[in-house]
Each structure stands twice: as C-alpha cells, then as structure tokens.
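Since every read-out is calculated from the coordinates, none of them should be taken as a lab result. Nothing here was measured: the structure is a model prediction, and the numbers come from that model.
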Amino acid sequence: MKRVKLSQKTQAKKAEDHRHMVTQRLDESIPLDSKEWQAVEQILMRMTEFAPSSLITECVNAIAVYADEQAQQGYMLGQDDLIKQLKSRAA
C-alpha cells in the first residue's frame, strides 16, 4: 500500500515537473515584444477607459489561461510529432 502511494506521488511529481518545464520553455520562447502583443496591449488600454479595472483583469486572466493551455497543447503535439518522426527514421 505504501509503495503504491509512493509511486503515485513520484509520478505526480514527475508530471508536475514536466508541466513546469513546458511552461518555462514557452515563457522563454514566446516574445511579448511583437506587433501582435502591442495591438493587444493597445486594445486593453482603450478598454480601461470604459470598463471597470476588475472586469479587465478578469478578462486578461481568462485570456492568459486560455493562451497557456493552447501553447502547452501545441508543445505536446509537437513533441508527439517529433517522436513519431524519429521512430519512423530509426525504423
């Protein structure tokens, strides 16, 4: 019983470390100094004139969570494709 719990904790720790590594790599590789991001910042600044700041903060957080999830999915799909490609080359 203790071995099973220890194994589950170890696997959960490995999964958490992997997610952290993916997030860190994405943060390092996605520039925020791009034309697209500057356009988003300008839109958010215009919105602050009309909407309460709490609503804008909530909106920005929702966008950030969605973007992080999409980036992680893209990263994972890319890794899967890379593995398949390497396996086919090795065969």
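Among 40, 22, 65, the largest mean-square fluctuation in a Gaussian network model of the chain, built with springs joining Cα atoms closer than 10 Å, belongs to 40.
Within the set (1) -0.56, -0.92, -1.01; (2) -0.30, -0.69, -0.84; (3) -0.60, -0.81, -0.89, the number that log10 I(q)/I(0) by the Debye sum over Cα atoms at q = 0.11, 0.17, 0.19 Å⁻¹ takes when calculated for this structure is listed as (1).
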